Amino acid sequence: MGALPARFRRTRVLIVGCGDVGLRTAGLLAPRVRLLALTSSPDRIAELRLRGIVPLRGDLDDAASLRRLAGLGHRVLHLAPPPRDGAAADPHADPRTRALMHALAAGPRPLGLVYGSTTGVYGDCGGAEVSETRTVAPRNARAYRRVDAEDHVRLFGRGSRASILRIPGIYAPDREGGTPRDRLQRGTPVLRAEDDVYTNHIHADDLARACCTALWRGAAQRVYHASDDTDLTMADYMDHAADLYRLPRPVRISRQEAEQQLTAMQMSFLSESRRLVNDRLKNELRSKLRYPTIVEGLRAAP
């Protein structure tokens, strides 16, 4: 019958949640693999095709629409977030990940699956160094939903090689809202040194590279911190950015003053402090950081 066409021989990579990071990952993988992406928006079909990605219509909030995904991807990258408000029956559950794992389990298991979680699952660590072996301690509903998603990815991984990337704040000069410039221009204050928290970051391009390496090198049931080497408090980070953009440094205030001036969402990012250890990322996944710290990353031309 002759050899199969190349498009049938290439590894198929399915991206679920193909936003900014998903598109960056796709750009690194093409044209070595055949790319597929789940989308619920008809408006995105043309964009995906233009980037060489086969669009698949489906909605993570409609489990029936996911049936066609079974067996389609040899490797699967799951970057879709949980619902903002969780499930009505259980606000700590992520019904999207549960539905996706159920759909994928109906066919041949992928050779590898990577889930993009968040470092928020650790809660507040008091500024301590945090490795992947630390017990999770979520403090809000968003983090609980991520833990639920991780649990279902691990359960799926009993029959397939599944690994988890825990991701801190994502930044990039060419990413919408990807730098602190707007916050600095608004004059948003930061915490004084005695009240400040440590913050962790990853450049969007380095995260895309970590997604690629995890798809092929990630170990079963293994967690990796997709974080750079930056070791700064939030205020020091903002001071560095202000100097780079030639803007005034933000005013430093007490935590009590911040609670009066900042929104609940802004305060949520100032209530947890940790310093991520990323040895597994560099030694096990052998993922090379193009931007080891925000010094290099914020200076990168968009």
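The values are calculated or read from the model by the stated rules, or taken from the named source; none is laboratory data. In this text, all values refer to a predicted model and were calculated from it rather than measured experimentally. Heads up, the Cβs are rebuilt from the backbone with ideal geometry, glycines too, and the neighbour counts pull from every protein chain shown. The area values use the complete protein model at the heavy-atom level, side chains included, leaving out ligands, DNA and RNA. Shrake-Rupley method; radii C 1.70, N 1.55, O 1.52, S 1.80 Å.
Brief remarks follow.
- Selected residue (criterion: farthest from the chain's Cα centre (by Cα)) from residues of the range 116-167 that are within 22 Å of R280 (Cα to Cα) and of a type in the set (S, T, N, Q): S160
- Residue, nearest to L14 (Cα to Cα), within the range 224-242, restricted to residues that are outside any helix (DSSP H, G or I) and open to solvent by 10 Å² or more (accessible area, probe 1.4 Å): D229
- Selection status of R34, in contact with a Leu (Cβ under 7 Å, 6 or more places away or on another chain) and of a type in the set (D, E, K, R): no
- D206 being acidic (D, E) and open to solvent by 30 Å² or more (accessible area, probe 1.4 Å): no
- Criterion violated by E47 - all others in (1) at pLDDT 95 or above; (2) touching a Lys or Arg at 6+ places or on another chain (Cβ under 9 Å); (3) open to solvent by 50 Å² or more (accessible area, probe 1.4 Å) satisfied: (2)
- Only one entry in Y115, Y122 is open to solvent by less than 10 Å² (accessible area, probe 1.4 Å), free of Cβ contacts under 8 Å to residues at least 60 places away in the same chain and among the aromatic types (F, W, Y), namely Y115.
- Restricted to the range 60-73, and to residues there that are under 21 Å from the mean Cα position of the chain (by Cα) and open to solvent by 20 Å² or more (accessible area, probe 1.4 Å), the residue that is farthest from I164 (Cα to Cα) is D61.
- Test: residue in the range 187-209 that is part of a helix (DSSP H, G or I) and among the β-branched types (V, I, T): no
- Residue check for R32: open to solvent by 60 Å² or more (accessible area, probe 1.4 Å), of a type outside the set (V, I, T) and not in a loop (DSSP other than H, G, I, E, B): no
- Just one of (1) of a type outside the set (K, R); (2) in contact with a helix residue (DSSP H, G or I) (Cβ under 7 Å, 6 or more places away or on another chain); (3) over 30 Å from V16 (Cβ atoms); (4) not in a loop (DSSP other than H, G, I, E, B) fails for L270. It is (4).
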